[in-house]
């Protein structure tokens, strides 16, 4: 999350920057030459604009994993209540577990929210009762199994 002092100044980006982002969102492997051809501009211009947006932390090109392609059939969200230990430390220990793909410090009824993938339901007892339960400072867990994924989209482009 950004604070006001580190907010991205979107006024620095124009229609060409937005078109470059749109092409990269469609195909993250598009080369500067591919993008330049589509936009009828020089590849060096594309390269400079991408570098400028990356340097300003306005964008980064990453691979998004399809969990099911890797054999993970179970996704869960787990709310974690912490006691007698800083939540940041507990979150760090939980984040180190290979099944955890996201760990967030949150406000509300829980202190931490985890997003977890497992191969199948038979892995759930060991994961919760052995691996997670072995971490000091956990008061309670509230696991919720994802029965369907309505949206899986990490695209939060603010330049559009």
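Each reported figure results from applying straightforward, stated rules to the coordinates on display, with no laboratory input. Keep in mind it's a predicted model, so treat the numbers as computed, not measured. Reconstructed Cβ throughout: ideal geometry from the backbone, glycine too, with neighbour counts over all protein chains shown.
Per-residue counts of other Cβ atoms within 10 Å, averaged by peptide: what ranking do you get for 110-118, 143-151, 130-138, highest first?
Working: 110-118: 20.4, 143-151: 9.0, 130-138: 14.7.
The densest-packed peptide leads the list: 110-118, 130-138, 143-151.
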Check your understanding: Given q = 0.15, 0.25 Å⁻¹, what are the Debye log10 I(q)/I(0) values for the stretch 67-145, with equal point scatterers placed on the Cα positions and solvent ignored?
Key -> -0.47, -1.23
Revision key, fill the gap. Among (1) 9, 35, 39, 15, 2, 0; (2) 10, 37, 33, 13, 5, 2, 0; (3) 9, 29, 24, 22, 13, 3, 0, the value of P(r) over Cα pairs in 10 Å bins from 0, in percent computed for this structure carries the label (3)
Exercise for review: Calculate, in nm to one decimal, what residue 55 and residue 109 gain on full extension: separation in residues at 0.36 nm each, minus their alpha carbon distance.
Suggested key: 15.7 nm
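Within 10 Å, count the other beta carbons around each residue, average over each peptide in 21-34, 74-87, and list them highest first. Can you show the working numbers first?
Details: 21-34: 13.7, 74-87: 16.6.
The densest-packed peptide leads the list: 74-87, 21-34.
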Exercise for review: Compute the distance in nm between two label points, each set 7 Å from the Cα along the Cα-to-Cβ direction, one at residue 124 and one at residue 62.
Suggested key: 2.8 nm
**Study point:** Spin-label model distance (nm) - residue 101 vs residue 69, 7 Å beyond Cα toward Cβ
**Key:** 1.1 nm
Practice item. Once you have a ≥ b ≥ c as the square roots of the Cα gyration tensor eigenvalues for the stretch 13-55, tell me rounded if a/c is under 1.5, and otherwise prolate or oblate according to whether a/b is larger than b/c. Key: rounded
Exercise for review: Calculate the length of the line joining the C-alpha centroid of the stretch 39-59 to that of the stretch 97-149, in whole Å.
Suggested key: 39 Å
Review point. On full extension of the chain, what length is gained from residue 77 through residue 146, given 0.36 nm per residue of separation minus the C-alpha to C-alpha distance?
Key: 24.1 nm
Review point. Taking the Cα atoms only, what angle lies between the long axis of helix 43-55 and the longest principal axis of the chain, rounded to 10 degrees?
Key: 40 degrees
**Study point:** Degrees separating the helix 15-26 axis from the principal Cα axis of the chain, which is the longest one
**Key:** 50 degrees
Review point. What percent does the relative contact order of the stretch 13-55 come to when contacts are Cα pairs within less than 8 Å and at least six residues apart?
Key: 34 percent
